[in-house]
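Single-structure report; data block below.
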Amino acid sequence: MANPNLAVNWERLLALTVSTLPSPEAEAFVRLLDTVKEDQPNGQKPYLGFYRAPAAKGNHHAYEGGLVQHLLEMWDLWGRLKPQLNAPPFVSDERVLKAIILHDLHKAHRTYELARLMQRFGGSAVVGGVLG
């Protein structure tokens, strides 16, 4: 079963990036996200892009689109904790959002090889929500 929130979550991540980061950083981060969005081959093997990738193979957010959902939930958590943290001024919303996005950027086109997911969980079946 496909994740019905894929498009909504992706648009929310892009809107959050544009509204939180100053220009031209916002545009650069949107271009970066667009670059890693789609499934891509890495060598001869197809890998999931940022848009469809799970956040993990078996722990949290282990479903199609789980990575973007994970990033959005981290941002929401930051919003709830920020008033209580008394963080120094250099811990800005801009820096936190960049860290949230960049900490899992490596998972696009590297971590989730489609063939391995299909083999591990059987054929073209839905794999923990990740389409094979």
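The values are calculated or read from the model by the stated rules, or taken from the named source; none is laboratory data. Small disclaimer: the values here were computed from a predicted structure and weren't measured. So basically every Cβ, Gly included, is an ideal-geometry build from the backbone, and we count neighbours across all protein chains shown.
Could you say whether any residue in the stretch 103-114 is aliphatic (A, V, I, L, M), under 20 Å from Ala7 (Cβ atoms), surrounded by fewer than 20 Cβ atoms within 10 Å (Cβ to Cβ) and in contact (Cβ under 8 Å) with a residue 40 or more places away in the chain?
Keep residues of the stretch 103-114 that are aliphatic (A, V, I, L, M), which gives 105, 108, 114.
This time we only want the ones that are under 20 Å from Ala7 (Cβ atoms), so: 108.
Among the residues that remain, those that are also surrounded by fewer than 20 Cβ atoms within 10 Å (Cβ to Cβ) are: none.
Within the stretch 103-114, none of the residues are aliphatic (A, V, I, L, M), under 20 Å from Ala7 (Cβ atoms), surrounded by fewer than 20 Cβ atoms within 10 Å (Cβ to Cβ) and in contact (Cβ under 8 Å) with a residue 40 or more places away in the chain.
Among the residues of the stretch 1-54, write down those that are of a type in the set (Asp, Glu) and over 26 Å from Ser92 (Cα atoms).
So in the stretch 1-54, the residues of a type in the set (Asp, Glu) come out as 11, 25, 27, 34, 38-39.
If the condition is that a residue be of a type in the set (Asp, Glu) and over 26 Å from Ser92 (Cα atoms), then Glu38, Asp39 are the ones that fit.
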Review point. What about Val36, is it under 23 Å from Asn3 (Cβ atoms), modelled with pLDDT of 95 or more and either out of contact with any His (no Cβ under 9 Å at 6 or more places or on another chain) or not acidic (Asp, Glu) (or both)?
Key: no
Check your understanding: Checking Phe90 against (1) surrounded by fewer than 19 Cβ atoms within 10 Å (Cβ to Cβ); (2) in contact with a Lys or Arg (Cβ under 9 Å, 6 or more places away or on another chain), which test does it fail?
Key -> (2)
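Taking the stretch 15-30 as the search range and keeping residues that are of a type in the set (A, V, I, L, M, F, W, C), touching a residue at least 24 places away in the same chain (Cβ under 8 Å) and part of a helix (DSSP H, G or I), which one is farthest from Leu102 (Cα to Cα)?
Of the stretch 15-30, the ones of a type in the set (A, V, I, L, M, F, W, C) are 15-16, 18, 21, 26, 28-30.
In the following step, the residues that additionally are touching a residue at least 24 places away in the same chain (Cβ under 8 Å) were identified as 16, 21, 29.
Applying the additional criterion that residues be part of a helix (DSSP H, G or I) yields 16, 29.
Values: Leu16: 14, Phe29: 10 Å.
Per the stated criteria, the residue is Leu16.
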Exercise for review: Give Leu72, Leu67, Leu97 a once-over and let me know the one that is within 20 Å of Pro4 (Cα to Cα), aliphatic (A, V, I, L, M), under 13 Å from the mean Cα position of the chain (by Cα) and modelled with pLDDT of 95 or more.
Suggested key: Leu72
Exercise for review: Go through (1) modelled with pLDDT of 65 or more; (2) surrounded by 15 or more Cβ atoms within 10 Å (Cβ to Cβ); (3) among the hydrophobic types (A, V, I, L, M, F, W, C) and name the single condition Met118 misses.
Suggested key: (1)
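Go through the stretch 65-87 and report how many residues are in a loop (DSSP other than H, G, I, E, B) and in contact with a helix residue (DSSP H, G or I) (Cβ under 7 Å, 6 or more places away or on another chain). Full working, then the answer.
Initial filter on the stretch 65-87 (in a loop (DSSP other than H, G, I, E, B)): 65, 86-87.
Those left that are additionally in contact with a helix residue (DSSP H, G or I) (Cβ under 7 Å, 6 or more places away or on another chain): 65.
Adding up the residues that qualify gives 1.
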Exercise for review: Taking Gln44 as the residue in question, decide whether it is in contact with a strand residue (DSSP E or B) (Cβ under 7 Å, 6 or more places away or on another chain), farther than 18 Å from Ala99 by Cα and surrounded by fewer than 17 Cβ atoms within 10 Å (Cβ to Cβ).
Suggested key: no
Exercise for review: Select from the stretch 58-81 the residues that are surrounded by fewer than 21 Cβ atoms within 10 Å (Cβ to Cβ) and among the small types (Gly, Ala, Ser) and write down the one among them that is nearest to Val8 (Cα to Cα).
Suggested key: Ala62
